[in-house]
Each structure stands twice: as C-alpha cells, then as structure tokens.
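FYI, it's all coordinate maths here, none of it is from the lab. Computed from a predicted structure; not experimentally measured. Ideal geometry is used to build each Cβ from the backbone, glycine not excepted, and the neighbour counts take in all protein chains shown.
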Amino acid sequence: MGLIRGMARTAVVAGTATAVSNRVSRRQAGRWAAQEAPAYQEPQYAQQPQYAQAPEPPPAPAPATLDSAALIEQLQKLGALRDQGILTDAEFEAQKAKLLG
C-alpha cells in the first residue's frame, strides 16, 4: 500500500511541476515577445488560445467531531490495524493526530 501511495504522490508532484513550468515558460516568452515587438506590427497569425485554468477544488469538509465513545472506538480500530501490520507506526500516528486534532 505504501509503494502505491508513494508512486501516486510522485505522479502528482511531477504533473504539478510540469504544469507550473509550462505556464512560466509561456508567460516569459510572452514578455520577451512584447519587449522585442515594435510599437506597431501587423498581425501575422491569430493569437493562440489560452488554456482555461482548472477550477479550484472545493474545500475539504470540516471533520465531524466525535463523542468520547466513538473516538475511543476509532483509536482502538487504528491500534488493531497497526498491530496487524496493516498500518505503519507513522501512518498510525498521522491518523491518530487527525482524530485527536
């Protein structure tokens, strides 16, 4: 499970880096072209369409507060998953911090 999560995280980071790099390159090329262009220039080609920005994802819903019994039950389930070897200690601590958070 950790290997797949790591691969997915790497893919997301690489995709984001590529998108940012491409946007910066396009913006920089536009600035350079504007600096080099004379005051009046006949248009040679139609302007390339700009890609629409992806909409911002909706904010994550606020975590529901758990009563004491439900919180203890969730912590026990997490402890059992850690004891079975399904969760690593780091994953257990992260989930516990989320619940107590």
For this session: Would you mind getting me the FRET efficiency between E73 and A8? Use the beta-carbon distance for r and R0 = 35 Å, nearest 0.05.
Result: 0.75
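Give, as a single signed number, the net charge of other residues whose beta carbon lies under 13 Å from the beta carbon of V20, with Lys and Arg counted +1 and Asp and Glu -1.
Values: positive: R23, R26, R27; negative: none.
Here the charged neighbours net out to +3.
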Exercise. Around A29, what is the net charge, scoring Lys/Arg as +1 and Asp/Glu as -1 over all other residues with Cβ under 12 Å from its Cβ?
Worked result: +3
